[in-house]
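The values are calculated or read from the model by the stated rules, or taken from the named source; none is laboratory data. Everything quoted here is computed from the prediction, not taken from an experiment. Positions of Cβ are backbone-derived with ideal geometry, glycine not excepted, and every protein chain shown enters the neighbour counts. What goes into the accessible areas is simple: the full protein's heavy atoms, side chains included, and nothing from ligands, DNA or RNA. Shrake-Rupley method; radii C 1.70, N 1.55, O 1.52, S 1.80 Å.
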Amino acid sequence: MVIYGLRTHYVITMGYRVECIRCGKRFSGDEIIYTCDRCSGLLDIKYDYSGIEAERIVKAKGRGVWKYIALLPFDVENTVPITINEGDTPLYRCHRLGESIGVNLWVKHEGLNPTGSFKDRGMTVGVTKAMELGVRGVACASTGNTSASLAIFAAKAGLPCYVMLPAGKVAMGKVAQAMMHGAKVFSLMGNFDDALRVVRTLCDEEHLYLLNSVNPYRLEGQKTIAFEIAEQLNWEIPDRVVLPVGNAGNISAIYKGFIELEKLGITNTVPKMTGIQAERAQPVVKAFKEGREDIIPEPHPETIASAIRIGNPVNAMKALRAIYDSGGIAESVTDDEITDAQLQLARLEGIGVEPASAASIAGLRKLCNMGVIEPDERVVCITTGHLLKDPERAIAICEPPYEVPADIESVRSILHETGSGERREEVIYA
Ligand SMILES: *Cc1c(COP(=O)(O)O)cnc(C)c1O
Ligand SMILES: [Zn+2]
């Protein structure tokens, strides 16, 4: 009782509340709830922006996600974050790739987060919230990176962790992380959407805390991508941000971050939010092209970009609002276009990403070719996960090593026959 009283008290003093995006119903910060109990709409965290000075963001001290605690749903004085130094990722100016596409390009490499994907930004906030709520364990469904990240933060927090993966469809590096860091891993004979359905019921029944991106606290952490981009560009907002869309949480979160900078008077515009999906898993793109507010789920999503192999994205409504309100666009790309973009990022810029991340570059190239994106635009692409998450795919799309006897003559002859960088199959096995 005393604890409840204290919590209610600081929820008010901290100036945030939880609110349904559809019907506006409000909830307090100490309720465990993921969607509105009246209309089943998505929830959003709202702040009293008049009580937050711009200086606390622009001149924030520290690094990464927690540097922006003034815009996170926590008590600044009394919160002990569960952190492994997430965020603070580089924003690379990419002249070579930008020239090849015909646009001014920057890449924000979220694959350089501690567990290798942007999911860490959401998980540090989500698991810190889990500790504050005093839950007995955490759980998620995952195409891979969510489970890897949750397993690691749960380990750090000392919480039991349960993850549901679609059998045979998760990249090797991600499963390895979840297993290594002590999560209880379930491999479900279904796709991600099936796994999410199962874990939502499991969480209700077993009183576990659900840390998929339907949990609004996760998106609060992920919105710091916007704050970092703005800061790294000296608070000059880019014309456009392009990123892959799976469950559609990240595009919603980043848009929210840019809106908040505007609300605080730090910036005066927002970038056109541009979401890219795979051709055979594109419910958000289809909804956008038909001008709808919500998606029609796709029962059999398929793509080599396993992180965005999702047919029923839970955050679709938030994502579509972000795209419409910012004047953005949604487009799809083929697996071949994704593979080309993955190789271009690797070889023109030295940026190693997993396939889903390359969808952003593939989509940018397509939209530039279509004339939708102008050559003078300043574009930031988000690369969401690291190359080593999916080593099997990298090996499958690259030339194999030359197998040769360990003498200089053999190496020299292949080197001279093939020229620099160029390789011919017949030489390899000659
Ligand atoms: C989770 C993930 C995505 C998709 O993000 P959503 O928020 O689900 O749209 C894209 N790429 C990678 C590497 C991911 O891990
Ligand atoms: Zn509602």
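Tell me the residue from L133, L188, L165, L112 that is buried (at least 19 other Cβ atoms within 10 Å of the Cβ) and modelled with pLDDT of 95 or more, please. Exactly one residue qualifies, and that residue is L165. Filtering region 40-53 to residues that are more than 16 Å from ligand 2 (Cβ to nearest atom) and either more than 27 Å from L264 (Cβ to Cβ) or open to solvent by less than 40 Å² (accessible area, probe 1.4 Å) (or both) leaves Y47, I52.
Quick grid of which residues meet (1) open to solvent by 80 Å² or more (accessible area, probe 1.4 Å); (2) within 16 Å of ligand 1 (Cβ to nearest atom); (3) modelled with pLDDT under 95:
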position	(1), (2), (3)
Y4	yes, no, yes
T13	yes, no, yes
C20	no, no, no
G24	no, no, no
D30	no, no, yes
T35	no, no, no
R38	yes, no, no
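Scanning region 292-320 for residues that are open to solvent by 50 Å² or more (accessible area, probe 1.4 Å) and more than 14 Å from ligand 1 (Cβ to nearest atom) gives R292, E293, D294, I296, P297, P299, H300, E302.
Keeping to region 233-254, report how many residues are within 17 Å of L42 (Cβ to Cβ) and touching a Ser or Thr at 6+ places or on another chain (Cβ under 6 Å). Total meeting the criteria: 2.
Taking every residue in region 275-293 that is on the phi < 0 side of the Ramachandran plot and pairing it with any residue that is among the basic types (K, R), at least 6 positions away or on another chain, the pairs with Cβ-Cβ distances below 6 Å are A281/R309. Condition first: of a type outside the set (D, E, K, R), open to solvent by less than 20 Å² (accessible area, probe 1.4 Å), over 19 Å from the mean Cα position of the chain (by Cα) and more than 15 Å from L343 (Cβ to Cβ). Can you find one or more residues in region 377-393 that meet it? The answer is no; no qualifying residue exists. Based on what the data block shows, is D88 in contact with a Gly (Cβ under 8 Å, 6 or more places away or on another chain), modelled with pLDDT of 95 or more and either within 16 Å of ligand 1 (Cβ to nearest atom) or open to solvent by 50 Å² or more (accessible area, probe 1.4 Å) (or both)? Yes: the conditions hold for D88.
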